[in-house]
Amino acid sequence: MIVLGILKIEHRRKQVSLPLPQTSRHACPLPVAPPDSGLWPLGHAATYGPEQKWTVDHPQTLSAWPGACIRIPCKYRMPASHTKTRLDNILLFQNYSFTEGKFQGTVLYNNTKTGNTETELYLSQQDRVTFLGNRADNCTLKIHPIHATDTGILGLRLTSGTEKWMEKIHLNVSKKPFPPDIHLPSEIREYQSVTLTCGLNFACFGYDINLKWSLEESEITSITSSVTSSVENVSTQSKLTFQPKWTDNGKSVKCQVQHASEVLSEKTERLDVKYTPKLKIGVNPTEVKEGNSVIMTCQVISSNPKLGSAAVSWFKDGRLLQEQELDRDGDQDQTATLTLHSVTKDMRGKYQCRASNDIGEGESEEVALTVLYAPEPSRVHIYTSPAEEGQSVELICESLASPRATNYTWYHNRKAVPGHTQEKLQLPKVSLWHAGNYSCSAENYLGRGEIHQEAELDVHYTPRNVTTVIQSFTPVREGDSVMLVCRYNSSNPVVTSYQWSPPGSGSELKPGVLRIQKVTWDSVPVKCAACNYKCSWALPVSLNVHYAPRDVKVLKVSPTSEIRAGQHVLLQCGFSGSHPAEVRFFWKKNGSLVQEGRDLSFSSISPEDSGNYNCMVNNSVGETSSRTWSLQVLYAPRRLRVSISPKDSVMEGKKATLSCESDANPPIFQYTWFDSNGQDLHFSGQKLRLEPLRVQHSGSYRCQGTNELGVGESPPTTLTVYLGRGDRDNFSTPFYITLSYVEEICRQEGARFMKREGQGALSVITRRSEPVYLSSPDSPETIGKRVALGLGFCLAICILAIWGMKIQKKWKHNRSQQGLQENSSGQSFFVRNKKARRTPLLEGPQSQGCYNLAMDDTVSYAVLRFPESNAHSSGDAGTPATQGPPPNDDDSDTVTYSVVQKRHMGDYENVSPSCPEDESIHYSELVQFGAGKRPQPKEEVDYVTLKH
């Protein structure tokens, strides 16, 4: 059962012009159309023209029945010249009339604007009428319920200011629900999809209806429903789609209108389905022996429309046999008869009859006619031949017979194959002995057939016993050329090609012969295949290539992290492979052979062990060296020394650069500088720059270096700052100073002073142990002292000559110590005194004054003592060694160096003459070399510098 609604409503659109008097814009309206036209003049005086038109759209006629509802879709548009765009009054009349200049009738709805108040019209309900529109353009109404007396004309009056309009609406109310309309296509054909439409000119929201279909024993494809309610159409519609059969011809289709499961009305139509003729064929008998007769009949069961001609066509296996007229017997079924005499086996097959009408050609079912006869001469079909060894082969004995043969006899090379009586002979895994000629014979209950011909089974097999042979009498070495040959025993069919694996291994000189140029150490096993219809592969053969050790590299076994001085270090020589496996290991450091063996061990590694290492591995083929492996030993700073640039004695006012030289890995990241008193100079750079220099800068300096592994410290290095010539030139005239004056200067400088015996000079020793000399005017006594100084100078030269001869004799004996002395010649060494200061040599009651170095002709010398030692010093050249007590006799191993230079004096003792800068100060330093351990420094050390 199917429910669907269709509603169709005719639409009417009205446009009316109202001619009004020209004399007055407020004159009384005059009738311009009869009442039944639906067009009425309104009480509005206006000039006649297109701009004075009202347009109202709604369905022309609406249908319903008592108890239902009706919805009137409505749209309106006011005259274009009207300045007011909203409605004031809306009235709905029933069966109205226009009498005495106004409309009269039953008012179903009245919504009139009062004063300046404008009420909303939408969903405004009065009794049975609900206004669903608005004051702008919608005038839709709904009446529920509908009474039988509502049939007739409704009048819708619209008022906006001085513009008025009356619209006529036709309402048709039937006494009972009217039936729907069923629309059928002009022609319905079997097996062609067709759509039937059931429609009802009714639709009202709030009063739902359903359209239900009823069609006997038919497969319905789809049902669709729709409801339309607009100013053009109001309807409910349902569409039924199905594919009719010829048996649906004459059946009834029904559409019912239902509301709340109650059938209100219904409509029934009868189907007229067009189809081709329906035929039925009969064969008697369907099985016949060869030589007997057969009768066939063709009956026309039904046809719509009737047959176009009284002819039936007979077909065998789809080919036309003949045409035959139908036998007519009043209104009885029409039948055609076909008789086959003396049936032969060629008459077996499928038979069919056909007939036509205006729709097309109809055909009966096919009926098979079987002719019985003994088996015909047989033949054998082999699937497949030639057959590959190991495959499954099927042999079929073909022999036409009716009925089919029930017993078969198979022959192999004309010998019966026992145990096989079926139509098919199965060989699951064919082998070489299965090859040969096969035949068969078939038998049914009518007799046995003869052998027609034999079939040959050819068995193919792949090459057998395939091997790969290496043609070489000596072991194959890396880089050699190798020849390989592919061999086999037998094959069917013959071998046509060869293959080698891996592909591209070498070049094939001729079929089955492969040449490999420059065999690599990692050559993979090679195998060959001999191919006919299929390839047979030999087992892989290894070339067994001999090669030198490969991937040699240095492996650090321990420690696993960075290498530090003093640790145990183990290096190992590793390699990935060698053939033959017997190998030897060698180690080189910086290109020089170190040792033989796989492991290189350092029990306590030192920085001197750092360098570039290689390990070599060799066998009977050759030797392979590893990449250079750099051994980096990390150690704390050592061998620190302070170097002074430009030299260690610099004139006051100049500049000097002290550099801290060191040996450290990793590099030093922090430097610390100390003066002679051990005070931190708070400078962290590698180079300490002093500019401008002062006498107070004189003294010893040492540096300290720090890296991630520790701290190292240098020995002290002395910097001497002396007064330059410019400072002495500031004294233009002789002057005298008193002792009290000198004492005052010393107190200000925090120094002490002393007077040398027999000299007219006073030396002041400052806190930095650098003497400051003051001089007094020359005197006869001073001149005598200078003469004595000259004699002493000559005496010193003689002493030096004597000592030089002694030194020459012992030069070879002390040669091992010479390098140490030379390395230490550029450094300043200091004699450490005891904690208690010694009394100055010139201390005592002497003549007052200051000693001027530039005005003194004395000769100073230094004595360097070299103690004899049979062993080398254990410390570095810059490391102090233990000093023994010096010998007192002249035969001791002592060398004295004397430096004698006469000063060029001016007229005054306190004024130096113009002379080169290097002659301004002369001094010598006391250095001690030798074995042993030096004494530890005391808390206070006096540094003594000898000058003259």
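Comparison of T406, T370 shows that the only residue that is in contact with a Ser or Thr (Cβ under 8 Å, 6 or more places away or on another chain), under 28 Å from V288 (Cβ atoms) and surrounded by fewer than 18 Cβ atoms within 10 Å (Cβ to Cβ) is T370. Once the stretch 581-609 is narrowed to residues that are of a type in the set (A, V, I, L, M, F, W, C) and not in a strand (DSSP E or B), the residue that is nearest to H546 (Cα to Cα) is A581.
Among the residues of the stretch 220-227, are any outside any loop (DSSP other than H, G, I, E, B), of a type outside the set (A, V, I, L, M, F, W, C) and surrounded by 15 or more Cβ atoms within 10 Å (Cβ to Cβ)? Show your work before the answer.
Start the filter on the stretch 220-227 by keeping residues that are outside any loop (DSSP other than H, G, I, E, B), which leaves 220-227.
Within this subset, residues satisfying the condition of being of a type outside the set (A, V, I, L, M, F, W, C) are 221-222, 224-226.
With the extra rule that they be surrounded by 15 or more Cβ atoms within 10 Å (Cβ to Cβ), the set shrinks to 225-226.
Yes, the stretch 220-227 contains at least one residue that is outside any loop (DSSP other than H, G, I, E, B), of a type outside the set (A, V, I, L, M, F, W, C) and surrounded by 15 or more Cβ atoms within 10 Å (Cβ to Cβ).
Listed by first and then second residue, the pairs linking a residue in the stretch 259-286 that is crowded, with 18+ Cβ neighbours inside 10 Å to a residue that is among the hydroxyl-bearing types (S, T, Y) and not in a strand (DSSP E or B), with Cβ atoms under 7 Å apart and 6 or more places separating them unless they lie on different chains, are L279/S364; I281/S364.
Anything in the stretch 610-658 that is basic (K, R) and not in a strand (DSSP E or B)? List them, or say none. Once the filter is applied, which keeps residues that are basic (K, R) and not in a strand (DSSP E or B), the stretch 610-658 yields R627, K647, K654, K655.
When the residues of the stretch 198-217 are filtered to those that are among the aromatic types (F, W, Y), modelled with pLDDT of 90 or more and in a loop (DSSP other than H, G, I, E, B), which remaining residue is farthest from E262 (Cα to Cα)? Ranking the qualifying residues of the stretch 198-217, first place goes to F202.
For (1) in contact with a helix residue (DSSP H, G or I) (Cβ under 7 Å, 6 or more places away or on another chain); (2) open to solvent by 40 Å² or more (accessible area, probe 1.4 Å); (3) in contact (Cβ under 8 Å) with a residue 24 or more places away in the chain; (4) farther than 12 Å from N210 by Cβ, each residue gets a yes or a no:
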position	(1), (2), (3), (4)
S230	no, no, yes, yes
S238	no, no, yes, no
P244	no, no, yes, yes
N249	no, yes, yes, yes
K254	no, yes, yes, yes
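When the stretch 412-459 is filtered for residues that are closer than 30 Å to V371 by Cα and free of Cβ contacts under 8 Å to residues at least 40 places away in the same chain, the ones remaining, listed by number, are H420, T421, Q422, E423, K424, L425. Each residue in the stretch 460-477 was checked for being closer than 19 Å to G506 by Cβ, in contact (Cβ under 8 Å) with a residue 60 or more places away in the chain, open to solvent by 80 Å² or more (accessible area, probe 1.4 Å) and assigned to a loop (DSSP other than H, G, I, E, B), and 1 of them qualify. Among the residues here, I396 does not qualify as within 60 Å of the chain's Cα centre (by Cα), surrounded by 14 or more Cβ atoms within 10 Å (Cβ to Cβ), at pLDDT 90 or above and in a strand (DSSP E or B).
Taking the conditions exactly as written (more than 50 Å from the chain's Cα centre (by Cα) and in a strand (DSSP E or B)), does S684 satisfy them or not? No.
Conditions tested, residue by residue: (1) loosely packed, with under 13 Cβ neighbours inside 10 Å; (2) within 47 Å of the chain's Cα centre (by Cα); (3) within 19 Å of V557 (Cα to Cα).
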residue	(1), (2), (3)
G591	yes, no, no
Q595	yes, no, yes
S601	no, no, yes
N614	no, yes, yes
R638	no, no, no
S643	no, no, no
M651	no, no, no
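Using the structure shown, decide if T241 is hydroxyl-bearing (S, T, Y) and assigned to a helix (DSSP H, G or I). Here the answer is no, as T241 does not meet what is asked. Residue count for the stretch 204-216 satisfying the condition of being within 30 Å of L271 (Cα to Cα) and open to solvent by 10 Å² or more (accessible area, probe 1.4 Å): 7.
Of everything in the stretch 151-197 that is part of a loop (DSSP other than H, G, I, E, B) and closer than 30 Å to R77 by Cα, the residue that is least open to solvent (accessible area, probe 1.4 Å) is G161. Within this structure, N618 passes the test of being touching a Lys or Arg at 6+ places or on another chain (Cβ under 6 Å), surrounded by fewer than 19 Cβ atoms within 10 Å (Cβ to Cβ) and polar (S, T, N, Q). The condition of being at pLDDT 90 or above and within 26 Å of Y498 (Cβ to Cβ) holds for only one of H434, H460, that being H460.
Only one of the numbered conditions (1) at pLDDT 90 or above; (2) under 60 Å from the mean Cα position of the chain (by Cα); (3) of a type outside the set (S, T, Y) is not met by E388, and that is (1).
The values are calculated or read from the model by the stated rules, or taken from the named source; none is laboratory data. Computed from a predicted model, the values in this text were never measured in an experiment. When we count neighbours, we look across all protein chains shown, and the Cβ atoms used for this are built from the backbone with ideal geometry, even at glycine. Accessible surface is based on the protein model in full, side chains and every heavy atom, while ligands, DNA and RNA are left aside. Shrake-Rupley method; radii C 1.70, N 1.55, O 1.52, S 1.80 Å.
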